[in-house]
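Trainee: Starting off with a structure, shown below.
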Amino acid sequence: MRLLYVKPELKDLSQGSRIAFVRELRHLSQDKISEHLGLTGECKRRTMTRYEKGDRNPKDDRVKDIAKFLKVNFNSLKKYDYKNPEDLIYLFFWLEEYISNYRLDLSQVKNINKPEIKLLINSLQEWKKQKIKREKHEISYEEYLNWKLNYEIKGEDRLWMKN
């Protein structure tokens, strides 16, 4: 028997929509996550609903717990600081889920020696390798998506950011 895979829809790029996307990707209910988080009472699902709608923002500790339960990198679900180049990388990954077939091209960037630009370019090169594997059917869409959801910026790239 072959199962049909239905990709969740990313409604927007907000933290709540990203949490909902991964929850649906993992075929989990809000109740299941609420139970894992230790939420109780008649309306235990309400907290997750508020997170996913953007009515409430979970604290970092809660996001870490949700990310661990959903088996993704914290950086995939955290609230982004658009001044942080690391956060931009994860935003670019999500943008591909939101706008299919978009391409990011930094080939014309003039300040290539800036540490934050090097960080972006190195990460984009790794991403490109994964995209090529996906296009050649060497990996499935699920494997590709899980790569993005669990991507970790390498230590040497982080060192550039501190210099």
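Trainee: Please verify whether Ile89 is in contact with a Ser or Thr (Cβ under 8 Å, 6 or more places away or on another chain), assigned to a helix (DSSP H, G or I) and either surrounded by 18 or more Cβ atoms within 10 Å (Cβ to Cβ) or not small (Gly, Ala, Ser) (or both), treating the condition exactly as stated.
Mentor: So Ile89 fits the description; yes.
Trainee: Here's something else I'd like to know. Can you tell me how many residues in region 36-74 are over 15 Å from Arg23 (Cα atoms) and among the hydroxyl-bearing types (Ser, Thr, Tyr)?
Mentor: Residues that pass the stated criteria total 1.
Trainee: Pick out, from region 1-80, the helices (runs of 4 or more DSSP H) lying fully within it that include 2 or more residues that are open to solvent by less than 90 Å² (accessible area, probe 1.4 Å), touching a Gly at 6+ places or on another chain (Cβ under 8 Å) and not β-branched (Val, Ile, Thr).
Mentor: 15-25, 44-53
Trainee: Now a separate question. Please name all residue pairs, on different chains or six or more residues apart, with Cβ atoms under 7 Å, provided the first residue is in region 107-126 and is closer than 13 Å to Tyr151 by Cβ and part of a helix (DSSP H, G or I) and the second residue is at pLDDT below 80 and open to solvent by 70 Å² or more (accessible area, probe 1.4 Å).
Mentor: Listed pairs, sorted by first residue: Leu119/Trp160.
Trainee: Across region 146-157, which residue is farthest from Lys7 (Cα to Cα) among those that are part of a helix (DSSP H, G or I) and either modelled with pLDDT of 95 or more or open to solvent by 80 Å² or more (accessible area, probe 1.4 Å) (or both)?
Mentor: Step by step, filter region 146-157, then rank; the result is Glu156.
Trainee: Inside region 92-122, can you point out the residues that are under 14 Å from the mean Cα position of the chain (by Cα) and surrounded by 16 or more Cβ atoms within 10 Å (Cβ to Cβ)?
Mentor: Result: Phe92, Phe93, Trp94, Glu96, Glu97, Tyr98.
The values are calculated or read from the model by the stated rules, or taken from the named source; none is laboratory data. Bear in mind that the values here come from a model prediction, so they are computed numbers and not experimental data. Methodologically, a virtual Cβ is constructed for each residue, glycine included, from the backbone with ideal geometry; neighbour enumeration extends over all protein chains shown. SASA here: full protein model, heavy atoms, side chains in, ligands and nucleic acids out. Shrake-Rupley method; radii C 1.70, N 1.55, O 1.52, S 1.80 Å.
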